[in-house]
Amino acid sequence: MTIEQTENIDSTNNETELDLELVEETQEETPAKETIDKPIETPEAKLARLKRQTSQLEKKLGVTQEVKQEPKSQSSELGYAEKAYLQGNDIRGNEEFSIVQKYVKDTGKKLEELVDEATIVGKLIRSEIKELRETKATDNATPKGTKRSTQTPKDSVDYWLKKDFSEVPQEMKIAVVNRRIELEKSKNPFSN
């Protein structure tokens, strides 16, 4: 049996009247022979179900087991946050990041300890970065692909070819004359 509830609303008095009626329900009885076959539960499925039920019951009762959190493993690559922290401490570029990353891997210390200039490791990192920057600055200052980048040494035959023959040292004169003869033979006789 169930109870049905009906609301009658009187709009003039804004009163609600509740009518409760008892309704009988008839249930069809299922014969005992027509039972539904349930699939057989495997031991693994049963274990998983019981673990879920156990954890739900522990939560319900307020009993919690402390789960040991594994320490955050140092990944081999720096994340965005670490790179931003390093850039804030005037360490920029992939080459400089790789220097710091090498020390993080070797020492196992945190970035804060490695970047601190008061520590020995911090001073060592800063000196390596300074050396790297100086090397880069030297490489960038040297022009590439121009006449200035490679000067011919004074003991070279090509150097003395461009000079007046009277300026050529005595020991280089024979080599310079032979080179001039070679160049004259290789020239096209029909061009000016």
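Per-structure values
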item: Quotient of C-alpha Rg and 2.2 N^0.38 Å, computed over region 80-141; result: 1.09
item: Among the listed pairs Lys83/Lys109; Lys38/Lys60; Lys162/Lys187, those beyond 24 Å (Cα-Cα); result: Lys38/Lys60
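Every read-out reported here was derived from the displayed coordinates using simple, explicitly stated rules and does not represent laboratory data. Since this is a predicted model, take the numbers as computed values, not measurements.
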